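Engineer: Let me give you the structure first, and then I'll get to my questions.
The values are calculated or read from the model by the stated rules, or taken from the named source; none is laboratory data. None of the values given here were measured: they were computed from a predicted structure. Cβ placement follows ideal geometry from the backbone for every residue including glycine, while neighbour counts extend to all protein chains displayed.
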Amino acid sequence: MAEPFHCGFVAIVGRPNAGKSTLINALVGEKVSIVTPSPQTTRNRILGVANRPQAQAVFMDTPGIHKPLSRLNQQMMAFVRQALDRRDLTLLVVDASVSFGKGDLFALELLREYRARSILALNKVDAMRKTRLLPLIDQYSKLYEFEEIFPISALQTEGVEDLLDAITQRLPEGQPLFPPDFYTDQPERFLAGEIVREKLILNTRQELPAAAAVRVESFEESDRLTRIHATLIVEKESQKPIVIGAEGKRIKQIGSQARIELERLFPPKVFLELYVRVEPDWRNSRQAITALNYGSETG
Ligand SMILES: Nc1nc2c(ncn2[C@@H]2O[C@H](COP(=O)(O)OP(=O)(O)OP(=O)(O)O)[C@@H](O)[C@H]2O)c(=O)[nH]1
Ligand SMILES: [Mg+2]
């Protein structure tokens, strides 16, 4: 008898900076979600599909679990809940290289609330002493009934294939939901904005808190050229020179780093135009949040 096909939704959840987006990219084998060393990089639900001969796992990357203060943060947590509502299985990602804290208990509370069947990925084992691993596994298995616990390094794609096997085995039997060449549901326009935002964060993160956003104003594709016009949004007048830099050097750097990556997605050539704009308190504006694609389906 032929082996059954497994297919289902997997919610990837965890604290900010745990490595969820790095992991979804490793699982899918494509960059579907941007990654930076700053917490709260991911702001909505990012879908990424991993296809194997006998399985299709539909992963949902989500913003880091935190207590929300601004409207933006409330929306971000709404995306976490949407993913948990929809999942067949939950993958909790923990940064094992930092010590256990209140935020970890808060994440576990959320799993309990959803009575979520969960697998635990203890990530960043490349950056920790191996002797800390067993006590940590012990601690987590006392706190929650995980189906399995995997030490992994998402960055070095260590343990990722075994993790994927364990996941797909636990997905319901059924036909694939998406065609085999489909790996994300993000519109190209949004993806372009995310790449610009990644470079913006990477170049300004020491000076700017998580207060910046990128809005794609226009996206025009033709055979030879993709023209993208995006606005870098900051909250205060004093943040504008940080983004622009001396003699415009920094914004130029952001633009050229983004363009190199965008040209791989939209070959052969991308023309990228960036502007900086101050939008006071945009993180509490429903209109701004919706325009940025951070408005959840329920919010
Ligand atoms: N050493 C090490 N670093 C990692 C690993 N996985 C992720 N990182 C780093 O951790 C940082 C955060 O990674 P992300 O994937 O953006 O984390 P996230 O959980 O998606 O973060 P938010 O979107 O802010 O919730 C980045 O600097 C990654 O390079 C790993 O296995 N080992
Ligand atoms: Mg992320």
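Engineer: Pick out the one residue from ARG277, ARG224, ARG264 that is in a strand (DSSP E or B) and not assigned by TED's automatic domain parsing to the domain that holds GLN74.
Structural biologist: Matching residue, one of ARG277, ARG224, ARG264: ARG277.
Engineer: Every residue in the range 164-200 that is surrounded by 15 or more Cβ atoms within 10 Å (Cβ to Cβ) and polar (S, T, N, Q), please.
Structural biologist: Those that are surrounded by 15 or more Cβ atoms within 10 Å (Cβ to Cβ) and polar (S, T, N, Q): THR168, THR184, GLN186.
Engineer: Quick test for you: out of GLY64, GLY48, pick the one residue that is in contact (Cβ under 8 Å) with a residue 60 or more places away in the chain and within 12 Å of ligand 2 (Cβ to nearest atom).
Structural biologist: When all the criteria are applied, what remains is GLY48.
Engineer: A further question on this structure: For the subset of the range 104-125 comprising residues that are of a type outside the set (A, V, I, L, M, F, W, C) and surrounded by fewer than 18 Cβ atoms within 10 Å (Cβ to Cβ), which member is nearest to GLN156 (Cα to Cα)?
Structural biologist: ARG117
Engineer: ALA57 - would you say it is within 16 Å of ligand 2 (Cβ to nearest atom) and either in a helix (DSSP H, G or I) or modelled with pLDDT of 95 or more (or both)?
Structural biologist: no
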